[in-house]
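The values are calculated or read from the model by the stated rules, or taken from the named source; none is laboratory data. Just so we're clear, the structure is a prediction, and the values are computed from it rather than from any experiment. Here Cβ is always computed from backbone atoms with ideal geometry, including for glycine, and neighbour counts include all displayed protein chains. Accessible surface is based on the protein model in full, side chains and every heavy atom, while ligands, DNA and RNA are left aside. Shrake-Rupley method; radii C 1.70, N 1.55, O 1.52, S 1.80 Å.
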Amino acid sequence: MSTLHKLGKIPIALTFPALAILLAVFGIPTVILFLASLNAPIISLANYEAFFGRAANVRVLLQTVEVSVIATVMCIVVGYPTAYLIAAASKGARMVLLVLVIIPYLTSLLVRTYAWIIILGDSGLVNNLLLKLGLISSPAPLIYNRLAVYIGMVHIMLPVMVLPLVSVMLGIDRSLISAARSMGAPPFAAFWRIFFPLSLPGVRSGSLLVFVLCLGFYITPAALGGLRDAMLSTFIAAQVENSLDLPHIAASAFILLALAGGLLAIFGLDLSDTQSRTTAKVWKSPRNRLPSFGSSTLYFRELDNSYRAKRWATTLYQAAPKNHAWNMVGVAFVGLVMCYLLFPSFVVIVMSFSAGPSLRFPPSALSLQWYRTFFDSSSWIEAAWTSIQIGVAVALLSTIVGTLASYGLSRTSPRLRSILTLAILTPITIPSIVVGIAAYLGLLNLGLIGTKAGIALTHIIGASAYVVVIVSATLANFDRRLELAAKSMRAGPLQTFRRVTLPLVRPGVIGGALFAFLHSFDEVVQTSLVSGFSIRTLPLKMWEDIRHEIDPTIAAVSSMLVLLPIVWLIVLYIAWWRLRPTVSSAAPPPE
């Protein structure tokens with residue numbers, strides 16, 4: 001007990017459990033993997049030379065970068081105006097729109113990919129509609145090509161782009177725009193020269209996240225793309241399934257890791273102090289960067305300044321006209337984006353009630369036959385029960401070690417906190433296939449391949465990162481004077497944490513636990529590598545069934561998985577509502 005009391009006085013010690021699991025399952029195996037790629041102890045670049053010596057490998061690598069870049073650009077083009085309109089909406093509308101963006105973000109990746117399979121397939125929703133309208137005479141090739149891959153990837157990554165953008169845009173001081181308008185700047189000039197530069201940190205973080213995560217995409221390109229659309233993660237997974245040649249697999253994984261790590265090291269993901277960094281730089285208009293052409297250029301600039309001065313004088317003190325046409329365009333654009341995000345899940349839910357032998361939209365008759373098939377199937381129930389068991393264990397353990405790590409990090413120096421936070425977040429900021437390869441090697445050394453404990457440990461290193469992010473955000477707003485007051489009343493550190501700190505950060509802890517459960521329950525890439533052939537989780541069974549046959553039972557499973565994040569959001573809201581400060585609790589006691 002005295003040892004625990006002493007450790008409690010060293011905040012950094014609270015991060016040891018999370019770091020120990022991270023090192024055992026991911027850190028040390030990653031070093032061993034790197035040495036294997038260099039043929040240690042000989043140390044040579046033969047595996048890397050062999051990778052780049054094959055034209056097919058280079059083509060897959062360049063294709064991975066190309067697909068990731070195009071998907072990222074598409075996310076920026078769609079995500080930036082969406083985030084701008086969400087940030088500019090009223091408080092109530094903004095909350096509703098953010099929930100509509102978060103729901104697909106929390107929905108299983110497999111479910112969203114499966115939804116596009118049944119929408120774009122030869123007998124899918126789009127082809128059936130075009131055939132009925134007489135626009136085509138035979139099914140159009142909408143799936144198993146590059147376009148389907150982009151549609152699926154942008155659908156999955158768009159919330160990852162929108163959420164950081166909204167976060168940064170909400171922090172921009174709108175009075176700066178008003179000041180620019182009061183000085184005669186037209187709406188677009190005020191946006192382009194004031195608002196857009198201040199929103200660039202959100203563009204940078206969102207783009208970096210989307211691009212790095214796209215580099216590791218495996219499920220969606222494999223399900224929606226053709227044979228020529230394979231990405232490097234698919235190539236690595238095929239190497240694991242076919243040969244298990246560790247040096248060559250390690251070289252492929254580290255090439256992918258070097259690509260992602262290099263971008264993260266150059267640009268970083270730190271959103272803190274973004275405003276000061278941005279405003280410290282003097283924004284130069286592209287017009288001011290044009291080369292000077294002597295007195296003629298100065299003459300035209302003087303003319304321009306004169307015109308702008310006259311326009312400013314005439315528009316001063318006049319209310320800005322309301323442009324209803326642009327408002328309607330904005331509403332229509334946001335509506336289309338929300339439809340794009342939510343309609344696939346809606347289609348899956350409706351089709352899961354089809355009464356016929358196959359899925360139809362809209363169904364000719366309603367039935368619960370596919371749900372009965374799920375609950376009558378021992379293989380489905382066993383897979384679901386396995387996922388629940390692993391998910392609960394992961395949620396409990398990652399919540400404990402993640403909360404302790406967050407508490408310890410909040411009490412350390414900023415420099416040390418940044419380094420340790422970056423280390424803990426590594427499993428969710430690099431391609432998932434690389435984490436899976438490293439975890440496979442670590443669990444192989446521990447003899448845990450093909451066990452529930454091994455799968456849980458693999459999930460914990462990612463789930464703990466989500467808990468650290470959420471609980472750390474809660475602790476950032478925590479008033480530490482409350483702890484000092486408790487200690488001044490002779491409360492010990494453990495009693496202070498249990499009676500003061502923990503109740504106030506409980507919503508963040510509950511949120512972290514729910515995210516940890518969802519992370520584990522939805523994980524399929526890493527699970528497919530470490531589960532062996534003896535354990536099947538629910539996502540793994542869904543993925544295997546999607547690859548081999550389109551079983552309508554998957555629609556029923558997908559419908560239940562779509563409802564899962566909605567239930568979690570309701571639980572989070574109840575937790576927040578019960579702990580919100582009320583007028584009676586905030587009022588001072590009567591004297």
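Hey, among the residues in the stretch 474-490 that are at pLDDT 80 or above and among the aliphatic types (A, V, I, L, M), which one's nearest to Trp576 (Cα to Cα)? It comes out as Leu475.
Before we move on, is Leu106 aliphatic (A, V, I, L, M), in contact (Cβ under 8 Å) with a residue 40 or more places away in the chain and surrounded by 15 or more Cβ atoms within 10 Å (Cβ to Cβ)? The answer is yes for Leu106.
Which one of these is crowded, with 17+ Cβ neighbours inside 10 Å, assigned to a loop (DSSP other than H, G, I, E, B) and either in contact with a helix residue (DSSP H, G or I) (Cβ under 9 Å, 6 or more places away or on another chain) or of a type in the set (Gly, Ala, Ser) (or both): Gly134, Gly184? Give the steps one after another, and end with the answer.
On the way: Gly134 fails: crowded, with 17+ Cβ neighbours inside 10 Å.
None of the others qualify; the one that does is Gly184.
If you go through the stretch 527-550 and pick out every residue that is modelled with pLDDT of 85 or more, assigned to a loop (DSSP other than H, G, I, E, B) and among the hydroxyl-bearing types (Ser, Thr, Tyr), you end up with 2. Residues in the stretch 138-181 that are in a helix (DSSP H, G or I) and of a type in the set (D, E, K, R) were compared, and the one that is nearest to Leu109 (Cα to Cα) is Arg146. When residues in the stretch 47-64 are screened for being crowded, with 16+ Cβ neighbours inside 10 Å and β-branched (Val, Ile, Thr), 2 of them pass. Candidates are the residues of the stretch 137-164 that are more than 21 Å from Phe217 (Cβ to Cβ) and of a type outside the set (S, T, N, Q); the one that is nearest to the chain's Cα centre (by Cα) is Pro141.
Counting only helices (runs of 4 or more DSSP H) that sit completely within the stretch 44-131, those holding 2 or more residues that are of a type in the set (Ser, Thr, Tyr) correspond to 55-88, 109-120.
Do we find a residue being in contact with a helix residue (DSSP H, G or I) (Cβ under 7 Å, 6 or more places away or on another chain), open to solvent by less than 20 Å² (accessible area, probe 1.4 Å), modelled with pLDDT of 85 or more and over 18 Å from Leu106 (Cβ atoms) anywhere in the stretch 557-577? Looking for residues that are in contact with a helix residue (DSSP H, G or I) (Cβ under 7 Å, 6 or more places away or on another chain), open to solvent by less than 20 Å² (accessible area, probe 1.4 Å), modelled with pLDDT of 85 or more and over 18 Å from Leu106 (Cβ atoms), one finds none in the stretch 557-577, hence no.
Would you please list the contacts, defined by Cβ atoms under 6 Å and residues six or more apart or on different chains, that run from a residue in the stretch 81-98 that is under 10 Å from Val166 (Cα atoms) and of a type in the set (S, T, N, Q) to a residue that is assigned to a helix (DSSP H, G or I) and at pLDDT 90 or above? Taking only residues 6 or more apart or on different chains, the pairs are Thr82/Val162; Thr82/Val337.
Restricted to the stretch 464-491, and to residues that are among the small types (Gly, Ala, Ser) and crowded, with 16+ Cβ neighbours inside 10 Å, which residue is nearest to the chain's Cα centre (by Cα)? Spell out the reasoning first.
Initially, the stretch 464-491 is screened for residues among the small types (Gly, Ala, Ser), giving 464-465, 472-473, 476, 485-486, 488, 491.
Right, trim to crowded, with 16+ Cβ neighbours inside 10 Å and you get 464-465, 472, 486, 491.
Numbers: Ser464: 15, Ala465: 12, Ser472: 18, Ala486: 38, Ala491: 40 Å.
Here the residue is Ala465.
Scanning the stretch 480-502 for residues that are free of Cβ contacts under 8 Å to residues at least 12 places away in the same chain and not small (Gly, Ala, Ser) gives Arg480, Arg481, Leu484, Lys487, Met489, Arg490, Gln495, Arg498, Leu502.
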